[in-house]
Structure formats: C-alpha cells, structure tokens
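**Student:** Pasting a structure below so you can have a look.
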Amino acid sequence: MENNRIKLSLCIPTYNRSDALEILLESIYRQIGNHKDEVEVCISDNASTDDTEEIVKKYIGKFDLKYDKKENPIHPILNWNNAIDILPSGEYVLMVGDDDVFINNAIERMLDMIQQYPSDYYYLNHIHAQVNVNKDKVYNHNCVMEYRNDECECQNQTSRYIDKWEEIFNFISGDYQEMNMLFIGNHLMKRGMWHADVDKFERLFNDYIRNKQPLCEETKEYFYSIWSPHVTIIANVMMGKRCYYCDEPMISQGMGINASDIFQIYLLLFMPRDLKMLRDTGMDDTEYRKYYEYVSKQEVKRYVNLLLYKSHLLKQHPYCSDFISLQENTSEILGEIAKKLMDKTNDYYYNMADNHFQNSLSGLLEQKTGRVVLWGTGDVGKNYLDALPALRKHIDFVADGNVRLHGMNYEELNLVIHDPQDIQNEQVYMVVIASVRHEKEIEKTLGEYGCKGYYVVKSQGIQYVE
C-alpha cells in the first residue's frame, strides 16, 4: 500500500560521483529537520564502481532513503526515470543533480511553497558555485549560502504564478541565457508528470553498447538524448500551461572552476536542437522569438571563438555543422558570423589572434618589473592563456571579484585566486582584464586602489596607465 504521508521526493540519479553525492546527502540531512516524515530521498545508482554504496549506507536511518543500484549500466535517461518515476512515492518530485546541494533551509521552504501556492509544476531559481565551495558551506556554515542577485540564474524576477511555462526561458539575462533550462535541479513537479520514452532510450543504449562507438561518431539521436532530455520531456508536458516560479534560490548547482571546452561544444550542438524542439512543441511565438534572437547572438560569439582558437575541437565533433543547419534564418546567422569575423575593433579575441599584439605583449612581459595580474577566471581568461603562451608563464597573481563562487585554485596555473583588494599590496606591472561585462568597472577600481604606472591589457588592446 502506497504511503501517502510523503509530500516531497528528492530524486537523485548518480554514477561514480561519491564525493559530490556525500556533500548533497549531508546538505539534506542538515536541513530535513522536523520533516523526516514528509520527505524521502530516492537514489538511483547507475552501477557505480566507486564507493557510492558505502557513502549511501552512512545515511541510512538518518532520513527516509531508497537506494537502487543497477547491476549493469543503463542509459542515463533510464536511470533518471528510475529515480524520478519508479522509486518515489511522494506527492511531488524534484530532480537533483548529484553534485548540487540544498541551501538556506530549502527543504522546509519547498514544503511551505507547495502548501501556500498549489501548482502542478514549480521552477526553482538557483545559483552556481564550485563543488569545493558547496562543501565548505555545507560542513562549515550549516548550508547557509549568501548570494547577490546577479549571481542567480534568473535575475530581477519575483515569485509568482506564470500563465505560460515557456516564459521562464526569457527570465534570465547575461552571457549564459541559453543554459537557463539545462540544469536538472530546477524542476519540482507532481509525481507522474515525468514521461520518458523508455523503449526508445533502451534501444538507443543497446545500440551504443553493441557498436561501441566513441561519442562524436554516434548517431545524432543518441548524442542529443544524453544532454538535456529533461527539457524535452518537461516541455511536452508543460508547454503553454500555468506554473509557479520561485525566485529565492534553494539549490546551489555544482560547477567546475571554468566552463570546459567540451561544454562550449555541447552548447553549440544542443541549443539549436532545443530551439527547434521548443518551436515544434508549440512554444508561444513571442517568447520563442525573444529566446531565439538572444541565443543566436550568444551562439555566434561562441562559434567564432571556437573557430578562431579551438578549431581542432570543432573538427573532433562533426555535428557542429548543426549550429548552422538547425537555425531558422541560416543566411542571417551566416551574415552575423561574417560580420563578427570582419569586425576587429573592441574585441578581446581578435587582439589575441593579432601577431602585432602578441609581439608587443611578449616584449613587455620580457621587461616586466613587477607583478602580472590576471583579473577574471572565466572563459575570457582561459582563452587568453590558451592563445598567448607568453602570457601564461608570466602570470603572478590571479584575481576574481567573487572568490566564493569561483573557488580558490585556478586550474590553469595552480595559483590561488585572490580578492581584488589584495592588488593594493602588489607592485603591479601589468593587469590583464579578462572580463567582458566588467571591464570599465575594473579599470575604475584599479584607479581607486591607487594603481599607477602599469600596463593594462583589455578589449581594445594594450595601454599604459600613468
């Protein structure tokens, strides 16, 4: 007989990520409080070969926990389906990434939201933080995570009912708007709404195992199916329907220190596909047009960047041609790419590719009389280091405006990331500003710090500051 006391099932598909999973389970244990009778945790283990099972056993008895370990690997979506649709008995289910954590008394707040604002589906705002940062906040700060509004995936939006689910796609503003729905830890819904085509995914996975093909040579259908299928599944259920949006983040998504090159490739591959899926699913024309225009601009920038500096990655993934073929206005997109390739003003990437710029930078670095600072640890900073070997070996100091979210060690240089205020204690010879959005703000801050007599490398090139 089904247990009707469970209000919320926290559903965790996992595979060989025991370290991250333990942090997540600890965050649940520390926040479940007096709600142990209302909440269950459902873990579907896709035949992990690490110590996942031992980690899970540590939490048996601490809360209501269901653990199902597969004897042999299955398609990731089948594992998700097991966690979301087969194991749970709760009235509501929440998909949770095994590298995410719950923050700021999230479990109680979710239960309150379900009670106060009845809905079949809830979209949860969230923040991103490095896994090591999440661990620190869970174990040393009892899951309390402070954040700024601009650190949230959706910004300047208030909690409310939304008439059409697809409006959520246009909530977010910033460089990664197209990632808005890609993370699995956003979607809280009534149990039974998740409908995966189990037979299809099982067939695809069996074909993959039988053929033993490397990822870049697999069928497009399978390649697509392992990236963001939850968006497809949810879109088929929720398109055009009323839902509830919760603005206060309850989840901190676990992220690496930098978005990897392969992640940039994935976005090129799947965002055109997801745009097509949203249109075919019946997305409101106005919402679709807004989302399409913004995503297209972002994808053009990403494509040109990869074309200029990571062309070998594009060659490794022949499906990248879909970036053009799956877009609606192909000629318009090609025109934007041509324009981008011809416009060499006010752009970091063209400075990186310019031989004169590289020669000038190398000459200055060889004569350095103080510290060389790289300010910014995102994609621009990573691309600077990839494109300019002379710069890489001279970096002495890495600064970032949010050490908490960007971790402590810069993976490219194995250097500690410092708070920018520490620059005031340095004899600065050169500052490389690796931030597209905050360039002017950083220049102003350097002036406020009293920095003088140094070279600054920015989007327009190299300048000397008296």
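Values in this text are rule-based calculations from the coordinates and carry no lab data. Fair warning: this is a prediction, and the values are worked out from it, not measured in the lab. FYI the Cβ positions are ideal-geometry reconstructions off the backbone, even for glycines, and counts take in every protein chain you see.
**Student:** At R0 = 45 Å, how high is the FRET efficiency between Asp163 and Asp207 if r is their beta carbon distance? Nearest 0.05 is fine.
**Tutor:** 0.65
**Student:** Which lysines, if any, have their Cα less than 29 Å from the Cα of Lys241, not counting same-chain residues under 8 positions apart?
**Tutor:** Hits, sequence-local ones excluded: Lys7, Lys164, Lys190, Lys200, Lys276, Lys290, Lys297.
**Student:** Further, regarding this structure: What fraction of the DSSP beta bridges in the chain is antiparallel, stated in percent and rounded to the nearest 5? Walk me through the numbers on the way to the answer.
**Tutor:** On the way: 19 of 58 bridges.
Of those bridges, close to 35 percent are antiparallel.
**Student:** Counting only Cα atoms, I'd like the Rg/Rh figure for region 37-102, Kirkwood definition for Rh.
**Tutor:** Numbers: Rg = 11.8 Å, Rh = 12.6 Å.
Reported Rg/Rh (Cα atoms, Kirkwood Rh): 0.94.
**Student:** Another one. At 222 nm, what value in deg cm²/dmol follows for the chain if DSSP H runs of at least 4 each add -39500 (n - 2.57) and the sum is divided by all its residues, to the nearest 500?
**Tutor:** Numbers: 19 runs with 190 residues, N = 466.
After summing the helix terms and dividing by residue count, I get -12000 deg cm²/dmol.
**Student:** OK, next. Could you rank the peptides 150-162, 10-22 by their average count of other C-beta atoms within 10 Å per residue, with the highest value first? It would help to have the intermediate numbers written out before the result.
**Tutor:** On the way: 150-162: 15.2, 10-22: 22.0.
Top of the packing list down: 10-22, 150-162.
**Student:** In region 408-466, which trypsin sites (Lys or Arg not before Pro) are in a loop and have at most 13 other Cβ atoms within 10 Å, using DSSP for the loop call?
**Tutor:** Details: sites: Arg437, Lys440, Lys444, Lys452, Lys458; in loops: Arg437, Lys452.
Answer by residue number: Arg437, Lys452.
**Student:** If you line up the long axis of helix 439-448 against the longest principal axis of the chain, both from Cα atoms, how many degrees apart are they, to the nearest 10?
**Tutor:** Approximately 60 degrees, to the nearest ten.
**Student:** Under a plain spin-label model, where a point goes 7 Å from the Cα along Cα-to-Cβ, how far apart in nm are Asn414 and Asp197?
**Tutor:** Label-label distance for Asn414 and Asp197, simple model: 4.8 nm.
**Student:** Which FRET efficiency, nearest 0.05, do Glu441 and Leu314 yield, Cβ-Cβ r, R0 30 Å? Write out the running numbers ahead of the final one.
**Tutor:** Values: r = 33 Å, r/R0 = 1.10.
E(calc), rounded to 0.05, equals 0.35.
**Student:** Next question. Taking only the alpha-carbon atoms of the chain, what semi-axes of the equivalent ellipsoid follow from 5 times the gyration tensor eigenvalues under a square root, in whole Å, largest first?
**Tutor:** Numbers: eigenvalues 320, 145, 92 Å².
For the chain, the ellipsoid semi-axes come out as 40, 27, 22 Å.
**Student:** With each pseudo-label sitting 7 Å past Cα toward Cβ, what's the Ser325-Tyr464 distance in nm, one decimal?
**Tutor:** Calculated label separation equals 5.3 nm.
**Student:** Using Cα atoms only, what is the angle between the long axis of helix 106-116 and the major principal axis of the chain, expressed in degrees (0 to 90) to the nearest 10?
**Tutor:** 60 degrees
**Student:** Can you find, among Ala338, Gln358, His317, the residue farthest towards the positive end of the dipole of region 285-384? Put +1 on the C-beta of Lys and Arg, -1 on that of Asp and Glu.
**Tutor:** About the Cα centre, the residue reaching furthest to the positive side is Gln358.
**Student:** For the chain, with the dipole built from +1 on Lys and Arg beta-carbon atoms and -1 on Asp and Glu ones, taken about the Cα centre, which of Leu21, Ala434, Asn170 lies farthest toward the positive end?
**Tutor:** Checking the options against the dipole of the chain, the answer is Ala434.
**Student:** OK, next. Can you pull the Rg over Rh of region 397-466, Cα-only, Kirkwood? Mind showing how you got there, number by number?
**Tutor:** Working: Rg = 12.0 Å, Rh = 12.7 Å.
The Rg/Rh ratio comes out at 0.95.
**Student:** What does the charge add up to near Cys143, with Lys and Arg as +1, Asp and Glu as -1, over the other residues with Cβ less than 10 Å from its Cβ? Mind showing how you got there, number by number?
**Tutor:** Values: positive: Arg30, Lys137; negative: Glu26.
Neighbour charge sum, excluding Cys143 itself: +1.
**Student:** Right, here's the next one. Can you give the alpha-carbon Rg of region 8-119 over 2.2 N^0.38 Å, where N counts its residues?
**Tutor:** Working: Rg = 13.5 Å, N = 112, 2.2 N^0.38 = 13.2 Å.
Relative to the 2.2 N^0.38 Å estimate, region 8-119 comes out at 1.02.
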